[in-house]
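The structure appears right after this line, and notes come after that.
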Amino acid sequence: MVRVDARVRQWLETMTVTPARLALIVDPDAETRDRYGVILTAAREAGANGKAILSQMRSPAVTAALTRAAKQAAADQVPGTPTFVIERPPALSQPLRVTGLDPASFVAALTTALQQ
């Protein structure tokens with residue numbers, strides 16, 4: 001029998017259960033293992049030491065750097081990544097509202113923004 005805690009139960013009530021989500025209920029550590037695998041693969045492909053990255057990712061220095069970056073992002077009104085900003089001095093900076101990450105969506109949004 002699989003034990004489902006209250007958070008998972010609440011999540012299930014609001015979400016459609018896909019095989020991937022069901023797998024996380026049965027094996028709650030699967031997402032963490034997958035995330036670490038992605039980090040290790042990306043590091044290897046970039047020529048970096050993935051194990052060193054994983055060993056430092058919860059360090060006080062990394063936590064402090066991420067906290068500073070989050071505070072700066074909030075101050076700059078950057079809601080997440082990717083974020084694009086149109087700057088046309090002397091006007092104030094304006095966020096570029098992109099509806100998709102495909103090139104056509106980006107070009108359409110940029111063209112519209114530049115015509116304003």
Checklist outcome for this item: Of the listed residues (V38, V78), the one being at pLDDT below 85 and part of a helix (DSSP H, G or I) is V38
Checklist outcome for this item: Note on the stretch 80-92: residues touching a residue at least 12 places away in the same chain (Cβ under 8 Å) and not hydroxyl-bearing (S, T, Y) are P82, F84, I86
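The values are calculated or read from the model by the stated rules, or taken from the named source; none is laboratory data. Because the structure is predicted, anything quoted here is derived from the model rather than measured. Here the Cβ is made from the backbone with ideal geometry for all residues, glycine too, and neighbour counts use every protein chain on show.
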